[in-house]
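Enquirer: Handing you this structure, nothing more for now.
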Amino acid sequence: MARTLLDKVWEAHTVRTLPSGQTQLLIGLHLIHEVTTPQAFQMLKELKLTVRMPERTFGTLDHIIPTADQTRPYADPLAEDMAAHMYKNTKEFGLPLFDMASGRQGIVHVIGPELGLSQPGMTIACGDSHTSTHGAVGAIAFGIGTTQVRDVLATQCLAMAKPKLRQVRVDGALAKGVYAKDVILAIIGTLGVKGGVGYAYEYAGPIIERMTMEERLTVCNMSIEGGARCGYVNPDATTIEYLRGRPYTPAGAAFDRAAAWWKTMATEPGAKFDDVARLDGAAIEPVVTWGINPGMSVGVSQRIPSPDSQPEPERPTFHEALAHMGFEAGQPIKGAKIDVAFVGSCTNGRLSDLRIAAEVAKKGKVAKHVRALIVPGSQQVARAAEAEGLHEIFQAAGFQWRKAGCSMCLGMNDDKLQGREMSASSSNRNFIGRQGSPTGRTLLMSPAMVAAAAITGVVTDVREILR
Amino acid sequence: MSTNFKRRQVSGRGIPLPGNDIDTDRIIPARFLKAVTFEGMGEHAFEDARKQNPEHPFNQKAYQGASVLVVGQNFGCGSSREHAPQALMRWGIRAIVGGSFGEIFFGNCVMLGIPCLVASQADVEWLQKAIARAPQQPVTVDVETQEVRFGDRIIKATVSDGPRNQLVGGTWDSTAVLLEAGAAIEATARRLPYVVGY
């Protein structure tokens, strides 16, 4: 019987079936960062356990890192304490840490693929829900909690139930000015924020197949926003060319042998899925969220829906969203005033994202009332962008050019919304309070759309600027 | 395994929290994650929501000391932060009944021995209203028989086989269970081309 990538990866990593009926699953790559691990290391010490396979865990610093002044000790004593714990724990347990001095520091989901650590056919875990990102290279990758981080450190395994599999096909071709971010927001808008609970998503169809690896990373990144703990794209020629020559991928003849194995892990023709969902990619226009979860979105030419148009159980959340955002049902999203523009995050903080934002930034200057930040996803992304002069384009247009980190995606450093500020953001969550202010407001959109909003000061259809 | 790990049933006063898609940022805002222990997380549970709404159930006197949380659809969606169930646990929550749960949140709860049971929309709404009418009356969450009892009414509330077996059997503290696999862990690794070298 034809098998899926999920079937093959799951089987290859099964250690045994547990008495509970779950699978004891070997984790091929474990990524760690400073926020969700100190308690795990503490538990490990209390249990007098060591790290089972230290060569399979890699650390970085991302969530709490200041993006302006990175002089140690950090101005925020709590951030300094978390960084110090990360240094201490990785040293004590003999784990590599990509810190500032390494030149490879960055958001954990940016550096994994960029360093070639994330490879097809692997199982990947990290104490962060956006670990689904790494599925773009053809891995089964999911976010875990801190106690599970302890399990992976101590045993290199997790107790997991195999998810069901839904193939999400995006057919047709994308219109100009429509990006991977719009595709995943459209998928979540269609299938709902809890539509993927219990499922892994296999993204497929001509639009996904034509996407670059960075675009696929954006799509897989937000699987969790649709409720799916992991999402992947089958490895193909794009995957292999992306991974060739990366620091942690094999070289020479070994690369060819690796590539041959990667290809065998792809879903076979005729494989059965528990469900198949189809989207017409040609119908997708630039998407903007208007509410308080990533499923509450509209095309930029559309109006904010009325709660009355929703099924009864959804209405209270719609009313809450309108009240929080200060929007009226029926209001066009286009023209909504913004205060802050943020390009960055594990969703859209890669070189291609910065290139397109710079393309738009060339068309104008940041509006006077807007604070605009460009935060590269990693030190490598920052260097590559600077080599192309993107930072100068941004600075000339009035954007701040920052250092790599998670930054205003979740406001754990100094980069926060103030009060009820409205943010146009290339990040992944518009939850109440997400960007650091309990009353702050977030509009999720593509980096191109963020740049367009930055220069006009309001939500704008980027296609009108790029025309 | 000691019997006090077994979560056959949890009994205690209830606290209803209406609303769908309540995410883990709402349960514990990110600024409270800047800590190297989980101590003190309980006092920050729903901090922003409680400040903005004095009537928030976690503020209400009637629900102080409650241990069974009753929620809507997709509770705990979003971030994988275990700080969310840790905050709820340290506030006093021992079991959760809801319409559905974010998957990582659900798994994190199991790791802490907090059963999350899924009930129908109608039953959840009934239970929330019933608790609001009689907050002193205990709710019994029976993990083994997959039902919730309140007064003389019994509602069906399910939890899938794997987590149920872990909770009822007391094997939810998984490190010990996973370690039992012994050399089979390395044997599995040695079968993987990326571990042994392509």
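The values are calculated or read from the model by the stated rules, or taken from the named source; none is laboratory data. If you're wondering where the values come from, they're calculated on a predicted model, not measured in any experiment. As a convention, Cβ positions derive from the backbone with ideal geometry for all residues, glycine included, and neighbour counts pool all protein chains shown.
Enquirer: Determine, yes or no, whether A:Gly94 is farther than 18 Å from A:Thr147 by Cα, surrounded by fewer than 23 Cβ atoms within 10 Å (Cβ to Cβ) and at pLDDT below 95.
Expert: Judged against the criteria, A:Gly94 is not a match.
Enquirer: In this structure, does A:Asp99 turn out to be of a type in the set (Asp, Glu), surrounded by 24 or more Cβ atoms within 10 Å (Cβ to Cβ) and either within 17 Å of the chain's Cα centre (by Cα) or within 21 Å of A:Arg246 (Cα to Cα) (or both)?
Expert: no
Enquirer: Go through (1) in a loop (DSSP other than H, G, I, E, B); (2) away from chain A (no Cβ under 11 Å); (3) among the aliphatic types (A, V, I, L, M) for B:Ala62 and report which single condition fails.
Expert: Looking at each condition in turn, B:Ala62 falls short on (1).
Enquirer: Looking only at residues in the range B:1-22 that are part of a strand (DSSP E or B) and within 14 Å of chain A (Cβ to nearest Cβ), which one is surrounded by the most Cβ atoms within 10 Å (Cβ to Cβ)?
Expert: B:Pro16
Enquirer: Return the total of residues in the range B:120-144 being buried (at least 23 other Cβ atoms within 10 Å of the Cβ) and touching a Ser or Thr at 6+ places or on another chain (Cβ under 8 Å).
Expert: The total comes to 2.
Enquirer: Given the residues A:Phe58, A:Phe41, which is the only one that is free of Cβ contacts under 8 Å to residues at least 60 places away in the same chain and not hydroxyl-bearing (Ser, Thr, Tyr)?
Expert: A:Phe58
Enquirer: What residue, among those in the range A:39-60 that are in a loop (DSSP other than H, G, I, E, B) and hydrophobic (A, V, I, L, M, F, W, C), is surrounded by the most Cβ atoms within 10 Å (Cβ to Cβ)?
Expert: Once the filter is applied, the top-ranked residue is A:Val51.
Enquirer: Sort out which residues of the range A:67-89 are surrounded by fewer than 19 Cβ atoms within 10 Å (Cβ to Cβ) and more than 16 Å from B:Val36 (Cα to Cα), and write them in order of number.
Expert: If the condition is that a residue be surrounded by fewer than 19 Cβ atoms within 10 Å (Cβ to Cβ) and more than 16 Å from B:Val36 (Cα to Cα), then A:Ala68, A:Asp69, A:Gln70, A:Thr71, A:Arg72, A:Pro73, A:Ala75 are the ones that fit.
Enquirer: I'd like the residue in the range B:178-187 that is in contact with a helix residue (DSSP H, G or I) (Cβ under 8 Å, 6 or more places away or on another chain) and assigned to a helix (DSSP H, G or I) and, out of all such residues, is nearest to the other protein chains (Cβ to nearest Cβ).
Expert: Applying the filter and picking the extreme gives B:Leu178.
Enquirer: If you scan the range A:20-35, which residues turn out to be out of contact with any Phe, Trp or Tyr (no Cβ under 8 Å at 6 or more places or on another chain) and at the interface with another protein chain (Cβ under 7 Å from one of its Cβ atoms)?
Expert: Correct list: A:Ser20, A:Gly21, A:Gln22, A:Gln24, A:Leu26, A:Val35.
Enquirer: Can you spot a residue in the range A:57-65 that is touching an Asp or Glu at 6+ places or on another chain (Cβ under 8 Å), at positive phi and facing chain B (nearest Cβ under 7 Å)?
Expert: No, the conditions are met nowhere in the range A:57-65.
Residues are listed down the side, and each one gets a yes or a no for (1) closer than 14 Å to A:Cys346 by Cα; (2) assigned by TED's automatic domain parsing to the domain that holds A:Gly231; (3) in contact with a Leu (Cβ under 8 Å, 6 or more places away or on another chain):
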site: A:Thr71; (1), (2), (3): no, no, no
site: A:Ala75; (1), (2), (3): no, no, no
site: A:Ala83; (1), (2), (3): no, no, yes
site: A:Met86; (1), (2), (3): no, no, yes
site: A:Phe93; (1), (2), (3): no, no, yes
site: A:Pro113; (1), (2), (3): yes, no, yes
site: A:Leu117; (1), (2), (3): no, no, yes
site: A:Val137; (1), (2), (3): no, no, yes
site: A:Gly143; (1), (2), (3): yes, no, no
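Enquirer: Something else: Of all residues in the range B:34-67, which are within 22 Å of B:Cys116 (Cβ to Cβ), out of contact with any Pro (no Cβ under 6 Å at 6 or more places or on another chain) and hydroxyl-bearing (Ser, Thr, Tyr)?
Expert: B:Ser67
Enquirer: Going by the conditions given, is A:Val152 buried (at least 21 other Cβ atoms within 10 Å of the Cβ) and either more than 9 Å from chain B (Cβ to nearest Cβ) or more than 17 Å from B:Cys77 (Cα to Cα) (or both)?
Expert: It is true that A:Val152 is buried (at least 21 other Cβ atoms within 10 Å of the Cβ) and either more than 9 Å from chain B (Cβ to nearest Cβ) or more than 17 Å from B:Cys77 (Cα to Cα) (or both).
Enquirer: Starting from residues that are more than 9 Å from chain A (Cβ to nearest Cβ) and either in contact with a strand residue (DSSP E or B) (Cβ under 8 Å, 6 or more places away or on another chain) or assigned to a loop (DSSP other than H, G, I, E, B) (or both), keep the ones in the range B:23-41 and report whichever is modelled with the highest pLDDT.
Expert: B:Ile28
Enquirer: Something else now. Assuming B:Arg149 fulfils every condition listed in (1) surrounded by fewer than 18 Cβ atoms within 10 Å (Cβ to Cβ); (2) of a type in the set (D, E, K, R); (3) in a helix (DSSP H, G or I) apart from one, which condition is it?
Expert: Unmet for B:Arg149, out of (1) surrounded by fewer than 18 Cβ atoms within 10 Å (Cβ to Cβ); (2) of a type in the set (D, E, K, R); (3) in a helix (DSSP H, G or I): (3).
Enquirer: Among the residues of the range A:10-19, write down those that are more than 9 Å from chain B (Cβ to nearest Cβ) and either surrounded by 23 or more Cβ atoms within 10 Å (Cβ to Cβ) or of a type in the set (D, E, K, R) (or both).
Expert: A:Glu11
Enquirer: Inspect all residues belonging to the range A:446-459 and state whether any of them is more than 14 Å from chain B (Cβ to nearest Cβ), under 24 Å from B:Gly19 (Cβ atoms) and in contact (Cβ under 8 Å) with a residue 12 or more places away in the chain.
Expert: no
Enquirer: Being among the polar types (S, T, N, Q), within 14 Å of chain A (Cβ to nearest Cβ) and within 12 Å of the chain's Cα centre (by Cα) narrows it down to one of B:Gln52, B:Gln73, B:Gln86, so name that one.
Expert: One residue alone meets the criteria, B:Gln86.
Enquirer: Separate question: Residue check: is A:Gly106 outside the structural domain of A:Val343 (by TED's automatic domain parsing) and under 19 Å from the mean Cα position of the chain (by Cα)?
Expert: Criteria met by A:Gly106.
Enquirer: Sort through A:Gly198, A:Gly252, A:Gly270 and tell me the only one that's of a type outside the set (Asp, Glu), touching a residue at least 60 places away in the same chain (Cβ under 8 Å) and surrounded by fewer than 24 Cβ atoms within 10 Å (Cβ to Cβ).
Expert: A:Gly270
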